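Encoded as structure tokens, the structure appears first; notes follow it.
The values are calculated or read from the model by the stated rules, or taken from the named source; none is laboratory data. What you see is a predicted model; the values in this text were computed from it and never measured. Here Cβ is always computed from backbone atoms with ideal geometry, including for glycine, and neighbour counts include all displayed protein chains.
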Amino acid sequence: MLPPLSLILGMVIVYYLEINQVLSQRQIEACLPLFPEYLVSKMADFVIGIDLSSAVLGKLLLLRGLCDLGAGKDLFDIRYTFSGKPYLDGNLLYFSISHSDDELVCAISDCGSVGIDIEKNREIEVQNFRRQFGDDEWKHIISSQNINYTFLRYWTRKEAVVKVDGVGLGKPFRYIALHENVGVLENRTYHLSDLQLNPDSICSLASNGELSSVDVRVLSLTDLLSSHLPLLHQH
């Protein structure tokens, strides 16, 4: 078990998990009492597999963070804004969750809204996304030595900005201007950080204020499941 945590001003905690196995039907059913009915309904269209496992485990990562912090909050405190951005009732803590294939991340902050995005470093038909980038951004992407990596770094940064902003959910990415360590959406500026979690993936974090530090916590699937349901990992 990891030691208790406490957030300090300007600090974000990021939980990282590699999903080394898909959850079974029995494991998922054992998790459901931890979820409010509206979250269970959101997952009803998923079939057993990596997407459903990611949906369940992402919320368990958040719950683990809330427990570690002694926040007195759980998944029943999740609400959604009109634009679809999730938040915790009371707005004392802010969170963002992302997954890509078998990787999950969850960022938790007490110093303002955060957005996080992770993507596997893979081959992309980048030409299909030309309209999502400004001219300077596009020139930088196609002239780089590693086009896929550069594209995904831009992409995760834009995705993180959209998530931290909330109001911009659904906005085309071309409306987000990226600079050295900031992203701008409709005159709102957000700070950007690159997280080195896995050599095979790219992860970006956005915040509406400068961060003093980012504390990364790597969890195993067994540890995550057993922290909530002690007998679950034996099934």
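Of note:
- Flag if VAL164 is in a helix (DSSP H, G or I) and crowded, with 21+ Cβ neighbours inside 10 Å: yes
- A single entry from ARG157, ARG188 fulfils the requirement of being modelled with pLDDT of 95 or more and among the charged types (D, E, K, R): ARG157.
- Some residue of region 212-219 being among the polar types (S, T, N, Q), modelled with pLDDT under 90, part of a loop (DSSP other than H, G, I, E, B) and under 28 Å from LEU63 (Cβ atoms): yes
- The sole residue among LEU211, LEU224 that is more than 17 Å from VAL12 (Cβ to Cβ), in contact (Cβ under 8 Å) with a residue 40 or more places away in the chain and either surrounded by 20 or more Cβ atoms within 10 Å (Cβ to Cβ) or not polar (S, T, N, Q) (or both) is LEU224.
- A single member of ASP51, ASP45 is in a helix (DSSP H, G or I) and of a type outside the set (S, T, N, Q), and it is ASP51.
- Of all residues in region 21-42, those satisfying the criterion of being outside any helix (DSSP H, G or I) and of a type outside the set (A, V, I, L, M, F, W, C) are GLN21, SER24, PRO36.
- Here LEU61 passes the criteria (1) part of a strand (DSSP E or B); (2) under 23 Å from GLN196 (Cβ atoms); (3) assigned by TED's automatic domain parsing to the domain that holds TYR16 except the one numbered (1).
- Restricted to region 112-139, and to residues there that are in a helix (DSSP H, G or I) and touching a helix residue (DSSP H, G or I) at 6+ places or on another chain (Cβ under 7 Å), the residue that is nearest to PRO86 (Cα to Cα) is GLN132.
- Scan region 117-145 for residues that are in contact with an Asp or Glu (Cβ under 9 Å, 6 or more places away or on another chain) and modelled with pLDDT of 95 or more and the total you get is 3.
- Any hit, region 82-89, residues being buried (at least 19 other Cβ atoms within 10 Å of the Cβ) and assigned to a strand (DSSP E or B): yes
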